[in-house]
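Worksheet: one structure, shown below.
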Amino acid sequence: MQLRTRRSALISDHIIPGRESSTQVIAVSSGKGGVGKTNVVANVAIALTKLGKRVLILDADFSLGNLDILLGLIPQHTIEDVLAGTHTLDQIVLKGPAGVSVLPASSGVPHLTTLTESQQLVIQEQLEQLTGEMDVLLIDTGAGISPSVTFFAASADETIVVVSPEPTSLTDAYALIKVLARQYREHRFKILVNQAKSPREASEVFGKLDVAVDRFLHVAIELVGAIPYDDYVPMAVMRQKAVLEVFPDAPASHAFRKLAQQIIQWPKPDLPKSSVQLIWQRSTIHAGH
Ligand SMILES: Nc1ncnc2c1ncn2[C@@H]1O[C@H](COP(=O)(O)OP(=O)(O)O)[C@@H](O)[C@H]1O
Ligand SMILES: [Mg+2]
């Protein structure tokens, strides 16, 4: 309890008054693994970059982080090196396709909430510096309802929950939304249906979730888009490329560009709500629950 208070005080000391940052923090989560989060993050990041946005991806999927593999990148150093003091965060950032920046946080990192206070400050300050230069921070949170997922989902300005037509994907998405609603008082979620065989199937999938969530959880969900099932996606994955890069005319690529077009219309977060420091503040408070 005392530690928590001290930590928050330390963190607020570091908020720079009047700092001109409006980095939009978007977490991409799912209840169930394998629904397409990593592909969504990679392709949306590239599409946003092509629209002129500066995008940083944080690979925070601590169990199955594989964004670097998907993008054919080879991390030389990890956050471990930052904690050891031999490198800074911007030295471990990888440059991906179209100039997307990728922070391979999933490799060799203890969970962020288990870091000591001084380690947190190091990461926090450097992450703040890094995201200060970015328009969008996209976080691949991994799947499930563990604190390592909810930590980021609850802290972001927007949470996109990815679902696929599989029934288990829906029940697991429901479970994730329930945890975020009950434990973190989140009440707005954006839903992305991936791998639907038709627009009709996508709206049916969303409809089922909408009915359950509205009835039992009393939170609002919004369908932000649908990415069709597209054989070009696994073909691109095999080549360790984002589909948008190698098959720009594939149906999924069109859908990813459309989603990015929509994301840039989202209202900018209020200051200092979106600040990375506040992410820390919010998550350290949550971690104390
Ligand atoms: N729209 C899609 N159409 C076809 N296959 C897809 C689509 N999206 C993802 N996949 C496939 O699903 C698998 C899991 O995707 P991935 O992005 O790694 O999921 P997650 O990060 O949620 O675990 C990948 O092998 C990928 O090729
Ligand atoms: Mg993944």
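FYI, it's all coordinate maths here, none of it is from the lab. Values in this document were obtained by computation on a predicted structure and should not be read as measured data. FYI the Cβ positions are ideal-geometry reconstructions off the backbone, even for glycines, and counts take in every protein chain you see.
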For the stretch 202-209, what does the Karplus curve 6.51 cos²θ - 1.76 cosθ + 1.60, with θ = phi - 60°, yield as ³J(HN,Hα) per residue in whole Hz, taken in order and with x for Gly and Pro?
4, 6, 5, 4, 4, x, 4, 5
Counting only residues 5 or more places away or on other chains, whose amide H sits under 5 Å from the amide H of residue 194 once H atoms are built in the peptide plane?
163, 164, 227
Roughly what % of Cα-Cα distances in the stretch 102-235 sit above 17 Å, to the whole percent?
65
Using the Karplus curve 6.51 cos²θ - 1.76 cosθ + 1.60 with θ = phi - 60°, what ³J(HN,Hα) values do you get for each residue of the stretch 136-144, in whole Hz, with x for Gly and Pro?
9, 10, 9, 10, 8, 8, x, 9, x
Can you list the HN-Hα couplings for the stretch 124-130, worked out from phi with the Karplus curve (6.51, -1.76, 1.60; θ = phi - 60°), rounded to whole Hz and with x for Gly and Pro?
4, 5, 6, 5, 4, 4, 5
Report the FRET efficiency, 1/(1 + (r/R0)^6), for residue 246 and residue 117, where r is their Cβ-Cβ distance and R0 is 51 Å, rounded to 0.05.
0.70
Using a basic spin-label model with each label point 7 Å from the Cα along Cα→Cβ, how many nm lie between residue 218 and residue 183?
2.1
Tell me which trypsin sites (Lys or Arg not before Pro) from the stretch 146-250 have a DSSP coil assignment and no more than 15 other beta carbons within 10 Å of their own.
185, 197, 239
Would you order 53, 268, 37 from fewest to most other beta-carbon atoms within 10 Å of each residue's own beta-carbon?
268, 53, 37
Here FRET efficiency (C-beta to C-beta, residue 200 to residue 80, R₀ 41 Å, nearest 0.05) is 0.30
Computed from the beta carbon distance with a Förster radius of 35 Å, FRET efficiency for residue 208 and residue 88 to the nearest 0.05 stands at 0.15
